Amino acid sequence: MIEKLFELPVDSIGRFAIVKLWPDIKTAEDECIARLKMAASALNIECIEIHADGSFLSDPKVKVSKSNVDFVIHLHYDTPKRYDAFSFVALWNPLKFYHEWGYARTSRNLTSHDDFISCSSQAADDHVARMIRTSATHLPANFHLYHSTPDVIHPPSIGEGKLFYAGINWEAINGGKSRHQEVLKRFDKTGLLRIYGPTVFQGVKVWAGYDSYIKEVPFDGISMIHEISKAGIALVLSSQAHKESELMSNRLFESIAAGALVICDENPFAKNFFGESLLYIDSRCSVEQIFLDITCHLQWVQSYPDLALEKIAKAQGIFRDRFTLIRNLGDLYGGLSQRKQQLRDCQNPSSAPWIQVRLNLLMPQYSAKVLRAHLESVCVQEYPYFSPVLVVDSLDFVKYRSEIMAALASSKVAIELVEIDFVKSGIRPDIRLRTRLGAIIQNLLKTNTSADAFMVVAPNETLFSNHLAVLCGALQRDPGVNCAATAAVLIDGDTPVHAVHELIDFGHVNHSGPCGYGRFIFRLAAIPRDIDIALPYLDGRPLAALVGNSAIDQQMSASITINVQIDFPERTYNDEAETEIIFHYAPGACKILVGFGPRLQTAHTGSVAAAKLKLVSNFFKRRWVRAQIEALRKQGFKARIQVAKRKLAL
């Protein structure tokens with residue numbers, strides 16, 4: 001057996017996590033997760049379930065990380081990676097599903113993960129390959145994982161010679177008709193059919209009127225397989241979307257594992273991988289022809305049971321060689337270290353010189369929570385060539401010196417301390433004026449000595465462990481890149497996160513979708529020498545001056561979180577005045593960048609009056625309307641209304 005041959009690699013923890021998006025709802029993902037846990041157990045590996053934000057289902061106070069799991073598997077495209085651990089996303093869905101859920105958003109969510117797992121659908125694999133073909137942070141899928149079972153469960157048998165079918169019967173909900181439904185109706189009165197599925201779904205008794213309906217089967221990973229085995233013959237039908245993507249659902253695999261004979265439709269996956277070990281029908285034929293073909297297959301089974309058993313045994317042999325979860329997980333663990341090294345070599349090539357970074361962590365006001373977050377961001381970094389600096393207010397340091405020094409002393413990484421006047425007092429000590437953030441950054445630039453690159457991390461930001469490696473890699477690979485930026489995950493309390501944020505727009509202020517600070521890295525040699533004429537006058541968008549007219553090299557990784565419930569800096573500046581400074585000093589920085597998402601065609605004008613006129617006139621442009629529809633899909637109606645209000649209020 002495969003599990004007896006498996007040895008856990010010495011550098012492994014022996015635990016992986018799987019994201020459960022809908023813990024309070026029974027879904028097909030529950031079946032897949034149950035089977036993955038069984039396969040893990042067979043390999044003496046632990047599989048734990050986590051929420052989308054990385055918190056354990058068993059203990060939400062604990063978050064998944066590289067210190068407690070080897071990797072995470074995400075089964076769905078509706079949410080991006082939101083946790084700091086190596087993450088695989090399973091390419092298990094037909095392309096049509098992405099279009100139905102919002103193509104740009106859901107497709108981009110896939111590329112927020114570190115790597116991909118294929119289920120041998122060329123269409124699904126090519127979908128990702130197209131998106132990452134110019135990216136140095138990702139590679140096409142290498143490992144395989146199927147909607148499968150741990151191993152063969154039952155030996156070959158035709159059971160009671162009944163035709164097994166399981167499903168929801170969507171037509172009962174939407175009132176439509178399909179060939180599947182009509183074929184089942186034809187078999188319903190024959191006594192040859194057994195139907196399994198939910199009794200009630202979305203308030204509808206979906207199998208009402210069917211004599212062949214037996215019962216609902218729990219998603220426990222094994223009950224469905226036992227029922228298939230009892231029936232003996234499985235009818236495996238695919239949706240049109242699955243057939244177009246040549247992608248197979250779990251029904252084929254669990255039927256083979258159950259030891260049943262499979263009657264499958266024309267989905268190319270089945271024929272390509274299982275050949276003549278299955279029986280086939282063509283669901284494009286008339287209902288009458290499909291009924292006759294299935295009936296002929298059933299009669300053949302009764303006439304030639306030994307040949308039927310031979311087919312089942314052949315199918316199980318193919319299944320065991322390639323498609324069991326035990327084999328898939330064993331292969332993944334066995335090749336994980338090498339795969340991670342491949343990804344690192346692409347992202348940070350050893351032939352390129354390392355970039356020394358000065359990482360400035362801002363704490364304008366003392367906060368134990370912010371201090372812990374900054375230290376954690378420093379200590380988890382995989383990239384070694386950086387000098388972290390904690391930047392604190394001078395008066396705060398006097399007041400909280402012992403707390404700050406104790407925290408720095410406990411850090412695994414040495415962190416320099418810089419005191420600066422975030423707030424200045426006037427003649428009266430009780431009257432204090434906040435220093436513009438641009439002036440703070442200007443002073444930090446002057447304190448830099450031997451670094452190649454410069455970064456600023458705001459107090460409402462946290463970095464994932466690969467963040468510096470991603471940004472430095474952009475500068476390493478191309479000496480012509482002077483500024484790079486990652487995507488971000490925006491945190492708004494308990495609001496679910498359904499997309500990554502990669503919009504960069506220094507020409508406007510958007511508090512629900514800020515540009516952020518720690519997303520950016522700047523090559524110091526490329527920062528304009530006359531930056532002093534602009535930077536100290538900026539407060540809300542000082543990084544625009546550092547960008548200058550350099551092109552921003554956007555990276556796919558969403559390796560930073562920004563808490564949008566905290567405005568940084570506090571909004572006391574004049575948006576309109578800042579926009580004019582940015583436009584006059586560095587008009588190139590006003591170019592709107594959308595990363596790897598939908599390409600919104602937008603231009604910036606320096607005149608505020610012209611900007612208003614542009615906004616109104618755009619309503620009459622078809623392209624602009626299409627762009628707004630895409631933005632609505634990605635950000636939601638409320639967020640877009642707020643953006644429009646802010647622009648009109650300039």
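Residues checked against (1) under 25 Å from residue 7 (Cβ atoms); (2) open to solvent by less than 10 Å² (accessible area, probe 1.4 Å); (3) at pLDDT below 95; (4) of a type outside the set (Asp, Glu):
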site: 330; (1), (2), (3), (4): yes, no, no, yes
site: 346; (1), (2), (3), (4): no, no, no, yes
site: 354; (1), (2), (3), (4): no, no, no, yes
site: 363; (1), (2), (3), (4): no, yes, no, yes
site: 374; (1), (2), (3), (4): no, yes, no, yes
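Evaluation of residue 280 against the conditions (1) touching a residue at least 24 places away in the same chain (Cβ under 8 Å); (2) out of contact with any helix residue (DSSP H, G or I) (no Cβ under 6 Å at 6 or more places or on another chain) shows that the sole unmet condition is (1).
Taking each residue of segment 571-584 that is over 14 Å from residue 544 (Cα atoms) and in contact (Cβ under 8 Å) with a residue 12 or more places away in the chain and looking for partners that are surrounded by fewer than 19 Cβ atoms within 10 Å (Cβ to Cβ) and among the hydrophobic types (A, V, I, L, M, F, W, C) with beta-carbon atoms closer than 9 Å, six or more apart or interchain, yields 576/608; 576/650. Any residue in segment 254-263 that is crowded, with 18+ Cβ neighbours inside 10 Å and under 30 Å from the mean Cα position of the chain (by Cα)? Yes: segment 254-263 contains one or more residues that are crowded, with 18+ Cβ neighbours inside 10 Å and under 30 Å from the mean Cα position of the chain (by Cα). Criterion applied to 523, 571, 529 was being closer than 27 Å to residue 480 by Cα, modelled with pLDDT under 95 and surrounded by fewer than 22 Cβ atoms within 10 Å (Cβ to Cβ), and the one residue passing it is 529. Mind checking whether some residue in segment 433-450 is small (Gly, Ala, Ser) and farther than 21 Å from residue 536 by Cβ? Yes, segment 433-450 has at least one match.
In segment 388-409, the qualifying residues are those that are in contact (Cβ under 8 Å) with a residue 24 or more places away in the chain and small (Gly, Ala, Ser), and the one that is nearest to residue 368 (Cα to Cα) is 407. On the basis of being touching a strand residue (DSSP E or B) at 6+ places or on another chain (Cβ under 7 Å), surrounded by fewer than 19 Cβ atoms within 10 Å (Cβ to Cβ) and at pLDDT 90 or above, does residue 236 make the cut? Considered against the rule, which asks whether it is touching a strand residue (DSSP E or B) at 6+ places or on another chain (Cβ under 7 Å), surrounded by fewer than 19 Cβ atoms within 10 Å (Cβ to Cβ) and at pLDDT 90 or above, residue 236 comes out as no.
Residue 62 - would you say it is free of Cβ contacts under 8 Å to residues at least 60 places away in the same chain, closer than 26 Å to residue 341 by Cα and not basic (Lys, Arg)? No.
Within segment 303-351, the set of residues being closer than 26 Å to residue 475 by Cβ and in contact (Cβ under 8 Å) with a residue 12 or more places away in the chain comprises 339, 340, 342, 343, 344, 346, 347, 348, 349. Scanning segment 66-104 for residues that are within 12 Å of the chain's Cα centre (by Cα) and farther than 23 Å from residue 55 by Cβ yields a single hit, 91.
Here segment 16-46 is the region considered, the condition is being part of a strand (DSSP E or B) and closer than 28 Å to residue 490 by Cα, and the residue that is nearest to the chain's Cα centre (by Cα) is 19.
With the condition kept exactly as written, say whether any residue in segment 118-131 is in contact with a helix residue (DSSP H, G or I) (Cβ under 6 Å, 6 or more places away or on another chain) and in a strand (DSSP E or B). Checked against the condition, which is being in contact with a helix residue (DSSP H, G or I) (Cβ under 6 Å, 6 or more places away or on another chain) and in a strand (DSSP E or B), segment 118-131 yields at least one hit.
For residue 409, state whether it is surrounded by fewer than 18 Cβ atoms within 10 Å (Cβ to Cβ) and not in a loop (DSSP other than H, G, I, E, B). In short, yes. For segment 441-463, give me each residue that is out of contact with any Ser or Thr (no Cβ under 8 Å at 6 or more places or on another chain), in a loop (DSSP other than H, G, I, E, B) and either free of Cβ contacts under 8 Å to residues at least 12 places away in the same chain or open to solvent by 10 Å² or more (accessible area, probe 1.4 Å) (or both). Residues satisfying the conditions are 448, 449, 450, 452, 460.
Against the conditions (1) in a loop (DSSP other than H, G, I, E, B); (2) free of Cβ contacts under 8 Å to residues at least 40 places away in the same chain; (3) open to solvent by 10 Å² or more (accessible area, probe 1.4 Å); (4) over 30 Å from residue 189 (Cα atoms), residue 113 satisfies every one except (3). Among residues that are assigned to a loop (DSSP other than H, G, I, E, B), more than 18 Å from residue 247 (Cβ to Cβ), acidic (Asp, Glu) and open to solvent by 10 Å² or more (accessible area, probe 1.4 Å), residue 182 is not included. Could you go through segment 35-46 and let me know if any residue there is open to solvent by 10 Å² or more (accessible area, probe 1.4 Å), within 18 Å of residue 113 (Cα to Cα) and out of contact with any helix residue (DSSP H, G or I) (no Cβ under 8 Å at 6 or more places or on another chain). No.
Would you point out which residue out of 129, 104, 136 is touching a Gly at 6+ places or on another chain (Cβ under 7 Å), under 17 Å from residue 343 (Cβ atoms) and of a type in the set (A, V, I, L, M, F, W, C)?
136
Screening segment 62-88 for residues that are polar (S, T, N, Q) and out of contact with any Pro (no Cβ under 8 Å at 6 or more places or on another chain) and picking the one that is least open to solvent (accessible area, probe 1.4 Å) gives 87. Taken together, the residues in segment 47-61 that are among the acidic types (Asp, Glu), open to solvent by 50 Å² or more (accessible area, probe 1.4 Å) and under 18 Å from the mean Cα position of the chain (by Cα) amount to 0.
Residue by residue, here is whether (1) in contact with a Cys (Cβ under 7 Å, 6 or more places away or on another chain); (2) open to solvent by less than 10 Å² (accessible area, probe 1.4 Å); (3) assigned to a loop (DSSP other than H, G, I, E, B); (4) closer than 28 Å to residue 113 by Cβ holds:
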position: 465; (1), (2), (3), (4): no, yes, yes, yes
position: 468; (1), (2), (3), (4): no, yes, no, yes
position: 479; (1), (2), (3), (4): no, no, yes, no
position: 506; (1), (2), (3), (4): yes, yes, yes, no
position: 550; (1), (2), (3), (4): yes, no, yes, no
position: 554; (1), (2), (3), (4): no, no, no, yes
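Looking at the structure I just gave you, is residue 499 at pLDDT 95 or above and buried (at least 24 other Cβ atoms within 10 Å of the Cβ)?
Working: at pLDDT 95 or above: no; buried (at least 24 other Cβ atoms within 10 Å of the Cβ): yes.
No.
Summed over segment 376-387, the residues that are open to solvent by 10 Å² or more (accessible area, probe 1.4 Å) and either assigned to a strand (DSSP E or B) or within 24 Å of residue 567 (Cβ to Cβ) (or both) give a count of 3. Of all the criteria given as (1) in contact with a helix residue (DSSP H, G or I) (Cβ under 6 Å, 6 or more places away or on another chain); (2) surrounded by fewer than 18 Cβ atoms within 10 Å (Cβ to Cβ), the one not satisfied by residue 15 is (1). The condition (being in contact (Cβ under 8 Å) with a residue 40 or more places away in the chain, open to solvent by 10 Å² or more (accessible area, probe 1.4 Å) and within 22 Å of residue 261 (Cα to Cα)) is satisfied by just one residue among 135, 157: 157.
The values are calculated or read from the model by the stated rules, or taken from the named source; none is laboratory data. Source: prediction; values computed, not measured. Cβ atoms come from the backbone with ideal geometry, glycine included; neighbour counts cover every protein chain shown. What goes into the accessible areas is simple: the full protein's heavy atoms, side chains included, and nothing from ligands, DNA or RNA. Shrake-Rupley method; radii C 1.70, N 1.55, O 1.52, S 1.80 Å.
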